[in-house]
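Scroll down for the structure; my scribbles are underneath it.
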Amino acid sequence: AAKPIQIKVVLLGEAAVGKSSLVLRFVNDEFQENKEPTIGAAFLTQKVRLDDSVLKLDIWDTAGQERFHSLAPMYYRNAQAAVVVYDITRSSSLDRAKSWIKELQRQANPNIVIALVGNKLDLAGDSADTAPGAADASAETESTSVDADEAAGAEEGRSRQVAAATARSYAEEAGLLFLETSAKTGEGVVETFTEIAKKLDLN
Ligand code: GTP
Ligand code: MG
């Protein structure tokens with residue numbers, strides 16, 4: 001059999017959005033309620049099987065805390081794919097995701113495949129898309145009262161602040177893959193990496 005194609009994937013996004021939890025779910029099919037913040041970055045590998053090929057993903061899970069921002073270029077340099085994660089219960093984390101995407105579009109490999117991923121879907125408190133108008137209004141009032149760092153870890157009682165339709169239309173305009181996931185339930189996690197592999201396979 002042919003050697004699997006090796007692909008470098010980087011995860012980026014605000015602290016506590018669930019980057020490490022997504023990788024832990026994808027690689028070990030596990031979830032930890034109180035996952036400790038990543039220091040620097042973590043490296044893991046996992047294979048993705050497509051119809052007639054196997055891709056080996058070399059995954060760099062970066063630290064979201066701002067003090068680690070200057071390290072990020074080391075991890076996204078030469079990456080063929082990036083997963084930019086936000087937390088659907090924190091609208092500020094989508095703003096941070098957009099700034100990561102701008103940085104990637106300026107500084108990373110011009111052919112990089114980018115997936116925008118809205119995580120913590122299990123906390124949505126809705127079954128389908130929230131009306132964009134309603135969600136945006138509540139996002140503004142709530143985001144001023146919640147300090148993103150202080151609230152990290154206090155997941156109980158949170159609900160959706162970012163409508164899927166809002167993030168999806170941004171992603172479509174920017175030419176990104178878009179998925180919503182839950183590292184907790186596993187929803188959308190394998191799909192995220194499979195969609196990336198499919199898009200890379202065509203290149
Ligand atoms: P940094 O390493 O600091 O950048 O954070 P991170 O993005 O890697 O977040 P991490 O995976 O450490 O998760 C932060 C917290 O959110 C942990 O307490 C997780 O248990 C929780 N969490 C992660 N994903 C989910 C999810 O899908 N649903 C719920 N309910 N909680 C989640
Ligand atoms: Mg982490």
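Our compactness index for the stretch 33-78, the C-alpha radius of gyration over the empirical 2.2 N^0.38 Å, is 1.46.
In the stretch 1-116 the Cα-Cα distances spread across 5 Å bins starting at 0 as 2, 11, 21, 25, 20, 12, 6, 2, 0, 0 percent of all pairs. Taking a point 7 Å from the Cα of GLU66 along the Cα-to-Cβ direction, the residues of the stretch 10-37 with backbone N closer than 12 Å to it are 15. Among the protein heavy atoms of the stretch 18-129, carbon and sulfur supply 46% of the accessible surface, probe 1.4 Å, non-protein parts ignored. Solvent exposure of the stretch 18-114, expressed per residue, is 49 Å² of accessible area, with all protein chains present and a 1.4 angstrom probe.
The values are calculated or read from the model by the stated rules, or taken from the named source; none is laboratory data. All of these numbers come straight from a predicted model, not from anything done at the bench. Don't worry about glycine lacking a Cβ; one is built from the backbone with ideal geometry, like all the others, and counts go over all protein chains shown. Ligands, DNA and RNA are stripped out before the accessible areas are found, and what is left, the full protein with its side chains, is counted by its heavy atoms. Shrake-Rupley method; radii C 1.70, N 1.55, O 1.52, S 1.80 Å.
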